[in-house]
Amino acid sequence: MKNIFITILIMILAIQIFAAEKAGDFKLENIEGKQVKLSDFQKEGLVILDFWATWCVPCKNGLPKINELHEKYDNVNVLTINVDKPRKKAAAISTVKSNRFTFHTLFDSKKVVQKQYNITNIPRTLIIDQDGTIIYDHTGYQRGDEKHYEEVIVKWLEEQETGEPKEDISEPEIEVPED
């Protein structure tokens, strides 16, 4: 009976590890008032989606670091998705412009994409590859989190150069005790 339980547990863990979550496409208005789609940015490389609001202090602390990644890597597009209510749109635009952020700012005031991605807490940062696979998912922001984002980016870039997946740096290996 113990062996059956361990076998079932291993199968469940394997399914969770290998069933990579896919990012659904969406269309939102950008800071210039144009409708843009996620899939347009995926063609160019990795996409970092960062959900934020003007009232969220950790969000605003993380935005400069995410902007640095956007400027550092040519094939990484950062899409920040502001989830404030429509009346706060001007404040969000002011935040982006006064800080001279160069990332792409999108507005999800109706929370359509927030619901689509099951975003219940912000900031929430997702890294999505060209195939639409979410390769990194993190909620919250503390100083230093951007180092983890960059590790994921560098690993992905190395895989693109060599054509071989590197060892996973984000998931610890699971050891199963023998009988």
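We did not get these values from a lab; they are worked out from the coordinates using the rules stated. Every value quoted in this text rests on a predicted model; they were computed, and no experiment measured them. Note that we place each Cβ from the backbone using ideal geometry, even for glycine, and neighbour counts take in every protein chain shown.
Quick rundown of the values:
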quantity: Hits in segment 49-81 - residues which are within 15 Å of residue 143 (Cβ to Cβ) and of a type in the set (A, V, I, L, M); calculated: 57, 63, 66, 69
quantity: Selected residue (only one of 118, 75 is over 13 Å from the mean Cα position of the chain (by Cα) and either exposed (fewer than 12 other Cβ atoms within 10 Å of the Cβ) or under 23 Å from residue 40 (Cα atoms) (or both)); calculated: 75
quantity: Residue match in segment 79-91 (condition: under 20 Å from residue 149 (Cα atoms), surrounded by 15 or more Cβ atoms within 10 Å (Cβ to Cβ) and aliphatic (A, V, I, L, M)); calculated: yes
quantity: Criterion (over 22 Å from residue 159 (Cα atoms) and crowded, with 17+ Cβ neighbours inside 10 Å) met by exactly one of 104, 70; calculated: 104
quantity: Where a residue in segment 131-155 is under 12 Å from residue 62 (Cα atoms) and in contact (Cβ under 8 Å) with a residue 24 or more places away in the chain and its partner, wherever it lies, is surrounded by 14 or more Cβ atoms within 10 Å (Cβ to Cβ) and small (Gly, Ala, Ser), with Cβ under 8 Å and at least six apart; calculated: 141/62; 145/62; 146/62
quantity: Test set (1) surrounded by 20 or more Cβ atoms within 10 Å (Cβ to Cβ); (2) under 21 Å from residue 149 (Cβ atoms); (3) touching a residue at least 40 places away in the same chain (Cβ under 8 Å); (4) more than 14 Å from the chain's Cα centre (by Cα) - residue 28 fails condition number; calculated: (2)
